[in-house]
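Engineer: Here it is: the structure, laid out below.
The values are calculated or read from the model by the stated rules, or taken from the named source; none is laboratory data. A quick note: this is a predicted structure, and the numbers were derived from the prediction, not measured. Cβ atoms come from the backbone with ideal geometry, glycine included; neighbour counts cover every protein chain shown. Note: accessible area is taken over every heavy atom of the protein model, side chains too, but ligands, DNA and RNA are not part of it. Shrake-Rupley method; radii C 1.70, N 1.55, O 1.52, S 1.80 Å.
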Amino acid sequence: KINKKKINSYIMIFRRLSSPRSFSCLRHNIRRPLLRNYSDDKCGGKDGGSDGKADLRTVVAEQVKSERARVKKFAVEKANTKIGEVTVSQIYGGMRGIPALLCETSSLDPEEGIRFRGLTIQDLYDKLPKLECGEEPLPEAVFWLLMTGKIPSKEQAKMITDEWNDKAELPDYVKKLIDDMPTDLHPMSQLSIAVTSLNKDSQFMKAYKKGLKKLDFWKYSLEDTMTLIAKLPNIAARIYRNMYRGGKGCDEIDKKLDWSGNFARMMDYEDPIFHELLRLYLSIHCDHDSGNVSSHTTHLVASALSDPFISYAAGLNGLAGPLHGLANQEVLVWIEKMRKELGSENPPEDQVRDYVQKTLKAGQVIPGFGHAELRKIDPRYTAQQDFAKVYLPNYEGFLLVNTIFKVVPPILESLGKVKNPWPNVDAHSGTLLMYFGMKEMQFYTVLFGVSRALGVLSSITWHRAFVIPIERPKSYTTEDLMELVKKQEEEEQKNSGKGGKDGDKKADKTKKC
């Protein structure tokens, strides 16, 4: 027997789904709860550790032992090997491109885009466990991959889901803290404050005060990491309900649901396709090497042995900046201005082209296009585009995004000075959220923040496993730099003159011969 609510869900699925695999899966599982069960073995990997049955802590402990020895050997043997030089322009240019940070969890290739432990986004789709009838990889599986470098089995992904569900309940003092905040306080400020308050129960700090050995730092950091990630959806959803739902809604964890499903449900989004979108969003935003503001800030603060709660709260404050986590909002604002000026929800290509050129002539950038590192289309953009093609192919917002995608790159390329004219992840994410009714743009960065925790908190654990010391780069005043450059130039001129005299002597000697 199927209740009316479930029938409506099935009708919605039949209307939207064009994927043959999903249609077939739905037909064969009509009596099962929709998108709630883990996928069969063919969707999960076999190398998650101990034949896919070992728990996370056991797998990580095994790896820490071997990786610590390998890294130590490399760091000692190649300690004085130079891997790059620093220019004055890099110092004044935001340290762009300076090779100075360690990141085990992800790497960013200019041509390929992001890789999570060596896997592309397409690899995540092909190899990681999903929910039955689902198409999107589970963030729980992505977290396992980031922590271990291995593909989890469906049982191992389920272990993460179960632990996060068990630890998701918020302490009463955190609930009261969130409820007492002004509803007009930016949601990122509320998120940072709530995360910081969890420091009260930090296992790392309690163990550290008792005299924790350095080699065991990672164990307690991992415990705090699991607690924080488990509670993040509950914190974020409570902020959302207070700000946009008058404080009403569910704050109970449904242990039959996964991490993303519970997050969506606590924000009052019951549409199973929105749950799928959230799995996609939380997976592809989870990590982007260690050079971005939120990741680097988290590492910097954690290097002082601050606990994961305080460290990630600092990272969230960096993420809240307009040049980092607010980019997808700027895309939507720009699109809405275009629609208003052109008088159409989906203006034709020629009008969009004229508006783009007008924006550029006004000295403004096209939000959502270009990237500091990438030189191709952001694969995270492509993943969202593919999602939209399946679930909202006729949505005017999606059609307009596609038109912008056709129009903007050729125009930027014609300027001759744009290194990357292609769309990044922010060019698409806001449109998808809008389609499902989440129109509160201020909250989009909170979703980003929940996702990014997976990557940066994994990195903290590994940095402590390697006993990475406190970060302390060298700084200069402008006068120091000028003096340094002056001495260097004088030394080069001196060597050049000396080389010239030596060259003359050699020439004379050759002539005599």
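Engineer: Quick one: what pairs do we get from the range 79-105, first residue farther than 30 Å from residue 148 by Cβ, second among the small types (Gly, Ala, Ser) and open to solvent by less than 70 Å² (accessible area, probe 1.4 Å), C-beta under 8 Å, 6+ apart or different chains?
Structural biologist: If the second residue must be among the small types (Gly, Ala, Ser) and open to solvent by less than 70 Å² (accessible area, probe 1.4 Å), the pairs left are 90/97; 96/372.
Engineer: Of the residues that sit in the range 53-66 and are in contact (Cβ under 8 Å) with a residue 40 or more places away in the chain and open to solvent by 60 Å² or more (accessible area, probe 1.4 Å), which one is farthest from residue 222 (Cα to Cα)?
Structural biologist: Once the filter is applied, the top-ranked residue is 53.
Engineer: Restrict the check to the range 311-318 and report whether at least one residue is closer than 30 Å to residue 454 by Cα, assigned to a helix (DSSP H, G or I) and open to solvent by 60 Å² or more (accessible area, probe 1.4 Å).
Structural biologist: yes
Engineer: Let me ask another. Going by what's in this entry, would residue 282 be described as in contact (Cβ under 8 Å) with a residue 12 or more places away in the chain and either open to solvent by less than 10 Å² (accessible area, probe 1.4 Å) or of a type outside the set (Asp, Glu) (or both)?
Structural biologist: It is true that residue 282 is in contact (Cβ under 8 Å) with a residue 12 or more places away in the chain and either open to solvent by less than 10 Å² (accessible area, probe 1.4 Å) or of a type outside the set (Asp, Glu) (or both).
Engineer: Which residue, of 156, 203, 190, is of a type outside the set (Asp, Glu) and either in contact with a Leu (Cβ under 6 Å, 6 or more places away or on another chain) or closer than 22 Å to residue 254 by Cα (or both)? Step through it out loud before you land on a result.
Structural biologist: Values: 203 fails: either in contact with a Leu (Cβ under 6 Å, 6 or more places away or on another chain) or closer than 22 Å to residue 254 by Cα (or both); 190 fails: either in contact with a Leu (Cβ under 6 Å, 6 or more places away or on another chain) or closer than 22 Å to residue 254 by Cα (or both).
The unique qualifying residue is 156.
Engineer: Specify the residue that is nearest to residue 321 (Cα to Cα); the eligible residues are those in the range 176-195 that are part of a helix (DSSP H, G or I) and open to solvent by 40 Å² or more (accessible area, probe 1.4 Å).
Structural biologist: The residue in question is 189.
Engineer: To continue, here is another question. Do we find that residue 299 is in a loop (DSSP other than H, G, I, E, B), within 17 Å of residue 452 (Cβ to Cβ) and touching a helix residue (DSSP H, G or I) at 6+ places or on another chain (Cβ under 7 Å) in this structure?
Structural biologist: So residue 299 fails the test.
Per-residue answers, yes or no, for (1) open to solvent by less than 10 Å² (accessible area, probe 1.4 Å); (2) over 31 Å from the mean Cα position of the chain (by Cα); (3) small (Gly, Ala, Ser):
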{"site": "333", "(1), (2), (3)": "no, no, no"}
{"site": "343", "(1), (2), (3)": "no, yes, yes"}
{"site": "352", "(1), (2), (3)": "yes, no, no"}
{"site": "360", "(1), (2), (3)": "no, no, no"}
{"site": "370", "(1), (2), (3)": "no, no, yes"}
{"site": "375", "(1), (2), (3)": "no, no, no"}
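Engineer: Can you find a residue in the range 112-127 that is open to solvent by less than 10 Å² (accessible area, probe 1.4 Å), hydroxyl-bearing (Ser, Thr, Tyr) and in contact (Cβ under 8 Å) with a residue 40 or more places away in the chain?
Structural biologist: No, there is no match, as no residue in the range 112-127 is open to solvent by less than 10 Å² (accessible area, probe 1.4 Å), hydroxyl-bearing (Ser, Thr, Tyr) and in contact (Cβ under 8 Å) with a residue 40 or more places away in the chain.
Engineer: Something else about it: What do you reckon, is residue 282 at pLDDT 95 or above and not in a loop (DSSP other than H, G, I, E, B)?
Structural biologist: Answer is yes for this residue.
Engineer: Moving on to the next point. Please indicate, with yes or no, whether at least one residue in the range 201-216 is in contact with a strand residue (DSSP E or B) (Cβ under 9 Å, 6 or more places away or on another chain) and under 26 Å from residue 462 (Cα atoms).
Structural biologist: Within the range 201-216, not a single residue is in contact with a strand residue (DSSP E or B) (Cβ under 9 Å, 6 or more places away or on another chain) and under 26 Å from residue 462 (Cα atoms).
Engineer: Could you check how many residues of the range 389-414 are under 16 Å from residue 280 (Cα atoms) and either open to solvent by 50 Å² or more (accessible area, probe 1.4 Å) or small (Gly, Ala, Ser) (or both)?
Structural biologist: 1
Engineer: Exactly one condition in (1) free of Cβ contacts under 8 Å to residues at least 24 places away in the same chain; (2) of a type outside the set (Phe, Trp, Tyr); (3) not in a helix (DSSP H, G or I) is false for residue 69; which is it?
Structural biologist: Only one criterion in (1) free of Cβ contacts under 8 Å to residues at least 24 places away in the same chain; (2) of a type outside the set (Phe, Trp, Tyr); (3) not in a helix (DSSP H, G or I) is unmet by residue 69, namely (3).
Engineer: How many residues are surrounded by fewer than 20 Cβ atoms within 10 Å (Cβ to Cβ), of a type in the set (D, E, K, R), touching a residue at least 24 places away in the same chain (Cβ under 8 Å) and part of a helix (DSSP H, G or I) when one looks only at the range 145-175?
Structural biologist: Of the residues in that region, 6 qualify.
Engineer: Say we look at the range 415-433 and pick out the residues that are of a type in the set (A, V, I, L, M) and modelled with pLDDT of 90 or more; which of these is surrounded by the most Cβ atoms within 10 Å (Cβ to Cβ)?
Structural biologist: Of all residues in the range 415-433, those of a type in the set (A, V, I, L, M) come to 415, 418, 425, 427, 432-433.
Among the residues that remain, those that are also modelled with pLDDT of 90 or more are: 432-433.
Working: 432: 24, 433: 22.
So, considering only residues that are of a type in the set (A, V, I, L, M) and modelled with pLDDT of 90 or more, the one surrounded by the most Cβ atoms within 10 Å (Cβ to Cβ) is 432.
Engineer: Being open to solvent by less than 30 Å² (accessible area, probe 1.4 Å) and farther than 30 Å from residue 387 by Cα: is that true of residue 198 here?
Structural biologist: It is true that residue 198 is open to solvent by less than 30 Å² (accessible area, probe 1.4 Å) and farther than 30 Å from residue 387 by Cα.
Engineer: Take the range 225-269 and flag every residue that is over 30 Å from residue 57 (Cβ atoms), surrounded by fewer than 22 Cβ atoms within 10 Å (Cβ to Cβ) and either touching a strand residue (DSSP E or B) at 6+ places or on another chain (Cβ under 9 Å) or in contact (Cβ under 8 Å) with a residue 40 or more places away in the chain (or both). Quick ask: steps written out before the conclusion?
Structural biologist: To start, the set of residues in the range 225-269 that are over 30 Å from residue 57 (Cβ atoms) comprises 239-250, 267-269.
If we keep only those that are surrounded by fewer than 22 Cβ atoms within 10 Å (Cβ to Cβ) as well, we get 241-250, 268-269.
242, 243, 244, 247, 269 - these are the residues of the range 225-269 that are over 30 Å from residue 57 (Cβ atoms), surrounded by fewer than 22 Cβ atoms within 10 Å (Cβ to Cβ) and either touching a strand residue (DSSP E or B) at 6+ places or on another chain (Cβ under 9 Å) or in contact (Cβ under 8 Å) with a residue 40 or more places away in the chain (or both).
Engineer: Look through the range 213-224, keep the residues that are more than 24 Å from the chain's Cα centre (by Cα) and either at pLDDT below 95 or outside any loop (DSSP other than H, G, I, E, B) (or both), and return whichever of them is surrounded by the most Cβ atoms within 10 Å (Cβ to Cβ).
Structural biologist: So, considering only residues that are more than 24 Å from the chain's Cα centre (by Cα) and either at pLDDT below 95 or outside any loop (DSSP other than H, G, I, E, B) (or both), the one surrounded by the most Cβ atoms within 10 Å (Cβ to Cβ) is 217.
Engineer: Which one of 26, 56, 108, 102 is modelled with pLDDT under 50 and at negative phi?
Structural biologist: From the options 26, 56, 108, 102, the qualifying one is 26.
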